[in-house]
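Inspection log for the structure reproduced underneath, given as structure tokens.
The values are calculated or read from the model by the stated rules, or taken from the named source; none is laboratory data. Everything numeric here is computed off the predicted structure, so don't read it as measured data. All Cβ positions, glycine included, derive from the backbone under ideal geometry; neighbour counts span all protein chains shown. Areas reflect the complete protein model, heavy atoms only, side chains present, ligands, DNA and RNA absent. Shrake-Rupley method; radii C 1.70, N 1.55, O 1.52, S 1.80 Å.
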Amino acid sequence: MNDQFYRMKRMPPYVIAEVNAMRHAARLAGQDIIDLGMGNPDQPPPQHVIDKLCEVAAKPDAHGYSQSKGIPGLRRAQAGYYGRRFGVELDPDTEVVVTMGSKEGLSSLATAIIAPGDVVLAPNPSYPIHTFGFIIAGATIRSVPTTPDEHYWESLERAMNYTVPRPSVLVVSYPSNPTSEIVDLAFYERLVAWAKENQVWVVSDLAYSELYFDGKPTPSIMQVKGAKDVAIEFTSMSKTYSMAGWRMGFAVGNKQLIAALTRVKSYLDYGAFTPIQAAACAALNGPQDIIDTNRALYHKRRDVMVEAFGRAGWDIPPPPASMFAWAPLPPALKAMGSLEFSKQLLTEAQVAVAPGVGYGENGEGYVRIAMVENEQRLRQAARNIKRYLQSVGVNSPGG
């Protein structure tokens, strides 16, 4: 009967779930699966954050409803982070709202600002919530490229000139999930000017702001003068502080968008558990060693993976940021398609990756590899993949 529901009819089967189900079945059967499929951090948060959670949870008055928009101390802590990291001043009361992770924030924003039939510009390939958060709210998606080159700007112009109704929202996310592509501040300056000229809201997802590998910190759109006139930006504590399961995120920026998101959230939830919000304050206000530690960890894993997989016969471009590699299928197996290739890697090499087609049709021909296993396991994955590639006639270098 579910296929009769309006929103269910607008949501195709979640392709990545098919590989996830196969991975789960393989593990139940006792197979040792090296899981590089889901971007699920394998490190714990800092000890002082866990200690703060326990301390506040032990208080008898900490277990009631919290504040939907986030406790004041946490909104101040997020404003402090933007001040330190980006040199951006935010009003904690009107320009910051706490979300239950960036996924919830993006979908609640879509509910707040989208009318059925509105057109949203979203990258393809992209993380599914960047399209389906708006589709669930009733929008129509027009795809634009993920790669931020001149073709990107041409696509934006075509979209504005030939789409009815004219698009009202543009989603951007750099470092990109899944492609790991990055942009500089000049890109955001051009984007803010374009958005003002075309009267388009910009929704920026900056979940991977601290995982950059070239020594050049990732910029925020909020660093651009006038960005608050047109933009809202989401960040998450999931990757930065290894707090994925805690579901702690933020939206900052344009007061009108923040107010709309805050109002919708007030009807939907009572906010995250207060001890979690207090622990998030401790993470943002306390020692920041974990940020450098995590960056170095993923950088080393990236180098190990690229080198080991390359020796196995699979050349992977080193990602400049994020915890993912966006890997083209080995040329000899390209005709197989990303979903079938992912299934074969799982069954024949015991390595789980995410098929690129799960991130949009322009993701076909790629898989996303999450660097969420340690270096030893990455090398084991490479050995397994080498055996698989040799079994299907793809020879590795020197053997």
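A few notes on this one:
Residue-wise test of (1) more than 29 Å from Ser155 (Cβ to Cβ); (2) in contact with a strand residue (DSSP E or B) (Cβ under 7 Å, 6 or more places away or on another chain).
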| position | (1), (2) |
| --- | --- |
| Asp205 | no, yes |
| Lys228 | no, yes |
| Ala231 | no, yes |
| Ser238 | yes, no |
| Ala260 | no, no |
| Asp269 | yes, no |
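- Among the residues listed as Lys228, Lys255, Lys239, the single one being open to solvent by 20 Å² or more (accessible area, probe 1.4 Å), in contact (Cβ under 8 Å) with a residue 24 or more places away in the chain and within 13 Å of the chain's Cα centre (by Cα): Lys239
- All of Pro175, Pro165 fail the test of being within 17 Å of Trp326 (Cα to Cα) and either touching a Ser or Thr at 6+ places or on another chain (Cβ under 9 Å) or part of a loop (DSSP other than H, G, I, E, B) (or both), apart from Pro175.
- Matching residues, the range 293-302, being open to solvent by 70 Å² or more (accessible area, probe 1.4 Å) and over 19 Å from Ala244 (Cβ atoms): Lys300
- Selection from the range 99-153 of residues that are over 15 Å from Val203 (Cα atoms), assigned to a loop (DSSP other than H, G, I, E, B) and of a type in the set (Ser, Thr, Tyr): Thr147
- Helices (runs of 4 or more DSSP H) enclosed by the range 279-394 - at least 3 residues per element that are under 23 Å from Gly215 (Cβ atoms) and at pLDDT 95 or above: 289-311
- Annotation: of all residues in the range 55-74 being in contact (Cβ under 8 Å) with a residue 40 or more places away in the chain and closer than 27 Å to Glu210 by Cα, the one that is most open to solvent (accessible area, probe 1.4 Å) is Lys69.
- Index of the failed condition, Val49 passing every other in (1) surrounded by fewer than 16 Cβ atoms within 10 Å (Cβ to Cβ); (2) closer than 21 Å to Ile290 by Cβ; (3) among the aliphatic types (A, V, I, L, M): (1)
- Taking the range 199-214 as the range and being more than 13 Å from the chain's Cα centre (by Cα), touching a residue at least 60 places away in the same chain (Cβ under 8 Å), open to solvent by 10 Å² or more (accessible area, probe 1.4 Å) and under 20 Å from Ala231 (Cβ atoms) as the test, only Trp201 passes.
- Inter-residue pairs, beta-carbon under 6 Å, first free of Cβ contacts under 8 Å to residues at least 60 places away in the same chain and over 19 Å from Ile182 (Cβ atoms) and in the range 141-160, second polar (S, T, N, Q) and outside any loop (DSSP other than H, G, I, E, B), 6+ apart: Ile141/Thr131; Met160/Asn198
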